[in-house]
Structures are given as structure tokens and as C-alpha cells.
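FYI, it's all coordinate maths here, none of it is from the lab. Just so you know, these numbers come straight off a predicted model, no measurement behind them. Ideal geometry is used to build each Cβ from the backbone, glycine not excepted, and the neighbour counts take in all protein chains shown.
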Amino acid sequence: MDKIIKSISASGAFRSYVLDSTETVKLAQEKHHTLSSSTVALGRTLIANQILAANQKGDSKITVKVIGDSSFGHIISVADTKGHVKGYIQNTGVDIKKRPQVKFWLALLWGMVIL
């Protein structure tokens, strides 16, 4: 079961979030049959959207669309304030091996992105 812990400073000037979305990402990988790089991209989008939605009040939903010209295609995620999240990745079959000399290897796969 995924967990989110939210904290706020006494002055209200600082907020922090700790999120364990292991089960959500695992379930997304199983349902979409994604290879490793596609799983990472979809998982990061789902997690980012869960954090954004956790910051909202009421019963609102947030949609995140990553529209890129990369090998992933489009990634879409919808999350609500109750912690529910779902997502879609256009190309589930991306599996790029890490290159040790490239620190941000996943950034190379995104291409031009509109958020």
C-alpha cells in the first residue's frame, strides 16, 4: 500500500512531502506491460502528479500531460486529492540501457517536452 506523509513548518512557509508509490508503479507496469524505461517515465509522472494532487483541497483532480517528441510519446496522468492516480504512456516498449558516462540518461529520451 502506498503512503504519503505531508508536513508543514510552524510558520507555514515550508511544506514537505514523502511519498512511497512502489505499489502504484508496480501495478501500472503490470497493467500496461511496460519495459523498464517506459516504466520509469510513467512512474515518475504518476508520482509527480500524486504530489501535486496532495497539495490541493476538496475533491479536485489534476491532469498532467507530458507531450514530447521522444520515444515515449505522450504520457498522461490524472490524480485526485484522495491519493488515487491513473496514467497512460503511448509507447510502452522503450527499454534503453543506462550509459555510465551520462548522469541524466533519462533526460536524453524525453526530447522537446511541453508540460
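Observations, loosely collected:
- Selected from S9, H74, Q50, residue furthest toward positive end of dipole (the stretch 1-87; charges at beta carbon): S9
- In a fully extended conformation the segment linking S16 and K82 would gain 22.0 nm over its present Cα-Cα distance, using 0.36 nm per residue.
- Most to least packed among 71-81, 24-34 [average Cβ atoms within 10 Å]: 71-81, 24-34
- Residue order, fewest to most surrounding Cβ atoms within 10 angstrom, among R15, R44: R15, R44
- The shape of the stretch 26-66 can be summarised by an equivalent ellipsoid whose semi-axes, obtained from the alpha carbon gyration tensor, come to 23, 10, 8 Å from longest to shortest.
- Relative packing of 86-92, 57-63, which averages over residues the other C-beta atoms within 10 Å, highest first: 86-92, 57-63
- When you work out D = kT/(6 pi eta Rh) for the stretch 1-87 at 37 °C and 0.692 mPa s, using the Kirkwood radius from C-alpha pairs as Rh and the Stokes-Einstein form, the result is 239 µm²/s.
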